[in-house]
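Working notes for the structure below.
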Amino acid sequence: MQNTNIIGLDLAKSVFQLSVLDHRGNEIKKKQLKRAQVLPFLAKQPTSVVAMEACSGSHYWARQLAKLGHTVKVIHPRYVKPFVQVNKNDTRDALGIAEAASRPTMPTVAVKNVEQQDLQALHRVRERIVKERVAVGNELRGLLAEYGVILPKGAKAIREQVLLVLEDGTNELSVRGRRMIADLRQQWLQREQQEQQYAKEIAQIANSNETCKRLQSIPGIGPIISTLLYSHIGKAASFASGRHVSASLGLVPRQHSSGGKDVLLGISKQGNKQIRKMLVHGARSAYKSLQRQEKDSALKQWVMKHEGNKHPNVIIVALANKLARISWALMKNGSVYHS
């Protein structure tokens, strides 16, 4: 491996840039390739380390290049940027990627398989539909408020109360206004139905996947969070420890330490914000459940130790961090959570 070349590949939609470094770090080749030329060209190259930035399509290319026998490194763009010299262009980007990959301590992104990408896609589409449903519901409530009609809180009001408003002839809604409100209600119902379909599909995957079933034994983790964690972590060996997992989700404190003085700030909020958000929601549910729990468990003792000393929100975020680390341990050991 000491004499292995390092190939930096700058991914794009149509035109790819490639830079090859020898084992001494000298650039021995640079080439521009069309999309259809990438795999045939790299298939002819000796076994090398092929590096690329984590971006759209990077996991697809990583899987394809691994089939050719190359060692693939997917690197976060933040770690590549310091290696790009002066002004940015495709040639310097490819060289910067190769330079970053040459560093032995450079962290890499775990390559996702097709199943994990499918799960991520399902969650992204579901999340977008939920946002649209909330937006349509808020728009409907706001427009009705303009006519003096105030709906009660909750989804039930949109399903049932809006029908009563449309049938009420005493309010100031015009024929055009009633038609518009009825259309908005129908849009809201469509998105609710779509969200339920995706949630049902995710639940089916969670109940058929052995890893997800084991993750659901952890307090506060259900089908949504278990599939999100499975799609993000994949193989537990991709992370050195549970702390690396929570750090990748932005659930560990930012540091500003110097001169032997450790200064810890708020959580970094780096990484996948959807998983972080859902983990915090799960931790909030687990926190309330642990407070009511009669059985004295290690997790309850940990929560109660911080009661009174810290704000509940601080405890909940710390608990989300702990749940992420426990999840990694279960995935690594193939075990089930025992309270």
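The values are calculated or read from the model by the stated rules, or taken from the named source; none is laboratory data. Keep in mind it's a predicted model, so treat the numbers as computed, not measured. Glycine also receives a Cβ, built like all others from the backbone with ideal geometry; neighbour counts cover every protein chain displayed. Just the protein is used for accessible areas: all its heavy atoms, side chains included, with ligands, DNA and RNA removed. Shrake-Rupley method; radii C 1.70, N 1.55, O 1.52, S 1.80 Å.
For this structure, a couple of remarks:
- Given a 1.4 Å probe and the protein chains as shown, Y337 ends up with an accessible area of around 40 Å².
- Taking GluC sites (Glu not before Pro) in DSSP loop conformation with at most 16 other Cβ atoms inside 10 Å as exposed sites, the chain has its longest uninterrupted site-free stretch at 1-171.
- Local electrostatic count at E53 - Lys and Arg +1, Asp and Glu -1, tallied over other residues with Cβ under 9 Å: -2
- The residues neighbouring A324, those whose beta-carbon lies less than 12 Å from its own, together hold a net charge of +4 under the Lys/Arg +1, Asp/Glu -1 convention.
- Out-of-range pairs (alpha-carbon distance over 23 Å; input K235/K305; K30/K88; K288/K322; K112/K273; K200/K235; K112/K213): K235/K305; K200/K235
- Candidates R92, R124, R35, ranked by Gaussian network fluctuation over the chain, Cα under 10 Å, top entry: R35
- Kirkwood-based shape ratio for the range 1-57, expressed as Rg/Rh from alpha carbons: 0.96
- Heavy-atom surface of the range 52-199, accessible at 1.4 Å and reported per residue (Å²): 59 Å²
- Pairwise centroid distance, computed over Cα atoms, of the range 1-39 with the range 317-333, Å: 38 Å
- Residues H338, H70, sorted by accessible area with the largest first, give H338, H70 [1.4 Å probe; ligands and nucleic acids excluded].
- The dipole here belongs to the chain: it is taken about the Cα centre, uses +1 on the Cβ of Lys and Arg and -1 on the Cβ of Asp and Glu, and is about 660 debye.
- Added length on full extension, which subtracts the Cα-Cα distance from 0.36 nm per residue, S339 to V130: 71.9 nm
- Matching label, percent of Cα pairs over 31 Å apart computed from the structure shown, candidates (1) 40; (2) 33; (3) 52: (3)
- Accessible-area ranking of I275, I224, largest first, probe 1.4 Å: I224, I275
- Mean residue ellipticity (222 nm) of the chain, computed from DSSP H runs ≥ 4 via -39,500 (n - 2.57), nearest 500: -17500 deg cm²/dmol
- R0 of 35 Å, Cβ-Cβ distance Q45-M304: FRET efficiency to nearest 0.05: 0.05
- Spatially, the range 197-213 and the range 83-156 are offset by 21 Å when compared through their Cα centroids.
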